[in-house]
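The values are calculated or read from the model by the stated rules, or taken from the named source; none is laboratory data. Keep in mind it's a predicted model, so treat the numbers as computed, not measured. With ideal geometry, Cβ positions are generated from the backbone for all residues, glycine too; neighbour counts draw on all protein chains shown.
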Amino acid sequence: MSTALAEPGPSRMTLALTVNGRAVRVAAEPRSHLGDVLRDGLDLTGTHLGCEHGVCGACTVLLDGEPARACLTFAGACAGAAVTTIEGLDTDAIAGELRAAFNREHALQCGYCTPGMLVAARDLVLRLPEADERRIRVGLSGNLCRCTGYAGIVRAVMAVIADRRGRGILPETGAERALGPVGARVGAAVVAPLHPPADAVAPAVPAAVADLSDTFAPAQGFKQVLDLAHPPEAVFGLLGDIEAVAACLPGAVLTARPTSDTVEGGLQVRIGPIVATFRGRARLSRDEAARTGSVHGAGSDAGGRSATEGRIRYRVGAGPAPGTARVELDVGYTLTGPLAQFGRPGLVRDLAGRIAAEFCRNLDARLSGVAAPTPAGLNPLRLLLGLARARLAAWLGRA
């Protein structure tokens with residue numbers, strides 16, 4: 001490790017640190033993050049930079065003995081701090097036991113996540129009273145690995161904890177951590193209880209109808225047409241019965257009795273590993289003479305931090321045949337949070353088409369009196385398989 005003092009420029013500062021037990025002085029931009037200073041200023045390239053948003057955990061180091069994200073920590077905030085990187089753990093007893101266990105359990109492949117994973121795992125070995133697999137998985141949830149599937153990593157950490165406790169080495173007490181930038185020691189512990197008391201969980205607060213702006217500008221939008229073999233007046237009348245509509249819409253549930261212009265409820269969406277239950281309120285309006293209406297709502301998923309706001313305008317007119325109805329939908333929406341990664345316009349339109357088809361079948365059943373459908377669940381696997389089949393057929397048609 002180089003300890004040469006670089007000459008600071010007009011916008012640079014000389015930073016004094018203790019790195020891996022040695023006092024160093026390095027020139028750095030005040031706004032540069034610790035990860036860049038370690039790698040570029042001190043040639044400590046064992047600290048890997050991945051997402052640079054504090055999500056992947058590859059940059060995890062010890063800052064004054066506590067795990068911290070080097071990509072989130074301003075270098076200027078670390079003056080006088082003691083930093084330990086993966087290179088500084090070469091002779092550390094716990095890190096040595098973990099390296100041996102990682103090799104034994106095949107807990108590494110490409111190795112990019114391994115430095116941060118070892119730093120985080122070492123902290124768990126110090127603190128956890130026993131080799132609890134679930135708590136280890138929670139403790140490592142901030143360190144992402146794209147190779148191993150985590151099974152070998154978890155086994156390795158469990159083995160080291162079990163061995164040390166078996167040798168009578170007790171865990172540290174009063175050493176709860178929260179990963180993040182410098183100062184992150186204030187907050188919830190990494191290994192917080194998996195099932196907190198019910199009264200400690202704040203319920204999701206539905207969005208207030210008053211907060212819905214008349215100038216809402218959706219980020220994405222699409223149009224949809226539904227044909228029903230029933231008279232337009234019957235279809236428009238049913239669309240005014242919010243409880244009936246909710247019973248026909250996959251994944252929807254009402255949480256309060258609706259009024260003439262307001263509805264409160266939720267919609268559950270499950271796509272892959274992400275489950276979101278949006279709770280919120282919507283403002284309703286209808287024009288009986290023109291057979292038009294709109295629903296403007298907003299909701300959020302407290303658990304997954306996804307949020308959405310949307311507006312649906314509908315018009316019920318005569319269908320292509322006498323005695324039939326055509327419902328024209330104009331949908332605009334904005335989606336933020338983890339589910340936004342699935343919010344590509346083309347995918348949303350295709351999924352919406354399949355949801356609309358199921359909704360249409362349920363409406364037809366209710367209008368026909370054949371069967372009153374129970375509240376329908378959203379089956380994303382069936383929808384996605386249908387989407388895949390449709391796109392494959394379209395691709396083969398073009399080939």
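Give region 153-174 a look and list any residue that's in contact with a Leu (Cβ under 8 Å, 6 or more places away or on another chain) and surrounded by fewer than 20 Cβ atoms within 10 Å (Cβ to Cβ), or say none.
The answer is 171, 172.
From 396, 347, 378, 329, grab the single residue that is on the phi < 0 side of the Ramachandran plot, modelled with pLDDT under 55 and either in the same structural domain as residue 251 (by TED's automatic domain parsing) or surrounded by fewer than 16 Cβ atoms within 10 Å (Cβ to Cβ) (or both).
378
Among the residues of region 35-55, which ones are more than 18 Å from residue 122 (Cβ to Cβ) and surrounded by 16 or more Cβ atoms within 10 Å (Cβ to Cβ)?
Within region 35-55, 35, 36, 37, 39, 41, 42, 49, 50, 52, 54 meet the criteria.
Looking at region 143-170, I want the residues that are hydroxyl-bearing (Ser, Thr, Tyr) and have a partner that is assigned to a helix (DSSP H, G or I) and surrounded by fewer than 17 Cβ atoms within 10 Å (Cβ to Cβ) with Cβ atoms under 8 Å, at least 6 apart or on another chain. Which pairs are those?
150/137
Residues that are over 25 Å from residue 161 (Cβ atoms) and either modelled with pLDDT of 90 or more or among the hydrophobic types (A, V, I, L, M, F, W, C) (or both): which strands (runs of 3 or more DSSP E) entirely in region 1-115 hold 3 or more of them?
Of the strands (runs of 3 or more DSSP E) lying wholly inside region 1-115, those with at least 3 residues that are over 25 Å from residue 161 (Cβ atoms) and either modelled with pLDDT of 90 or more or among the hydrophobic types (A, V, I, L, M, F, W, C) (or both) span 13-19, 22-28.
When the residues of region 233-277 are narrowed to those that are in a strand (DSSP E or B) and among the polar types (S, T, N, Q), which ends up modelled with the highest pLDDT?
262
Among the residues of region 190-198, is any part of a helix (DSSP H, G or I) and modelled with pLDDT under 95?
yes
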